[in-house]
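The values are calculated or read from the model by the stated rules, or taken from the named source; none is laboratory data. All values derive from a computational prediction rather than experimental measurement. Backbone-built Cβ (ideal geometry, glycine too); neighbour counts: all protein chains shown. To get the accessible areas, we keep the full protein, side chains included, count just its heavy atoms, and leave off ligands, DNA and RNA. Shrake-Rupley method; radii C 1.70, N 1.55, O 1.52, S 1.80 Å.
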Amino acid sequence: MLWYQYRGAGQSDSPATSVANWAPNSGNMIGRGWDGFLHLVARGDGVLLGVRPDGNLLYYRYDGDGTSDPNATGLHWAPESANIIGVGWENFRFLCAKPYEGRTSTHPNNSVIYAVDHDGHLHWYRYVGDGESDPGATGLHWDPNSGNIIGQGWSQGFRYMAAVSEIILMVKDNGDLLWYRYSGKGETDPSGGSGWDPKSSNIIGRGWHRFRHIFGGSDGRGGYVIYGVDQAQNLLWHRYTGTGDSDPTGTSNAWSPNSGNIIGTGW
């Protein structure tokens, strides 16, 4: 596992700007053996959640600054890292976690996980623990509404899913980028008719099927930074400041002029 921290604002990549826009420890190895997960998602504040092929959900928390650890000594990893906090997670097609700023003790409502099963049902989970081991799947530190279905039709025709701060982004097979925002608390609603912003499912961009991965988070100023890795392994930067207004062309002023710039290669 390699650590990176980007500090730029989407300036087009060049030898002159690369060093200035990335933290000095970027690219350092901080762990080994991370290739065996079905899903691996960042939940913010250094928390990573991984699903093994056996369905076990593992918790990790990294508290370091990217200091190199090529021998995988566990430097700067919380003692709870690699603990099992759930079972039966192997049958989801998409999995993403809502990133947040701050620990769950101060932001308990933001530690939300969204999971889409192969029937297209969207499940809601909220984990409020700190990685306490729970191999017996007792439900320790999970909100009672965890596992509830809050929508349907989230599988067919979709290629990627990402949680970016409080919004959810879906990429359709045709490349359309769809915007969603859920403000509910996981109340069961298979129809998906409650808790959703009226603008949910609006198209805010196109051509996003060229990416192998998309991820991102809040920019701290009311907008969202979205990263995409294309088929040529380029890392592209985008910044969206809109509120889900329909924009099928993806050319509105809600997108920063630097959006689409390459900020790294070899990803």
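Descriptive notes on the structure:
- Derived scalar couplings ³J(HN,Hα) [the stretch 23-38; Karplus, 6.51 cos²θ - 1.76 cosθ + 1.60; whole Hz; x for Gly, Pro]: 4, x, 7, 4, x, 6, 7, 10, x, 10, x, 9, 8, x, 9, 6
- Taking the centroid of alpha carbons for each part, the stretch 193-267 and the stretch 116-151 are 27 Å apart.
- Shown is the FRET efficiency for Ala20 and Asp54, computed with R0 = 51 Å from the Cβ-Cβ distance and rounded to the nearest 0.05: 0.70.
- Area accessible to solvent at Trp77, 1.4 Å probe radius, in Å²: 40
- Point-charge dipole on Cβ atoms (K/R +1, D/E -1) for the chain, about Cα centre, debye to 20: 540
- Computed from the C-beta positions of Ala72 and Ala232 and an R0 of 35 Å, the FRET efficiency is 0.70 to the nearest 0.05.
- Helix-only [θ]222 nm of the chain, DSSP H runs n ≥ 4, -39500 (n - 2.57) each, per residue, nearest 500: -500 deg cm²/dmol
- Length gained when the stretch Leu140-Arg159 is fully extended (0.36 nm per residue, less Cα-Cα span): 3.6 nm
- Potential lengthening between Val128 and Asn258 on full extension [0.36 nm per residue; Cα-Cα distance subtracted]: 43.1 nm
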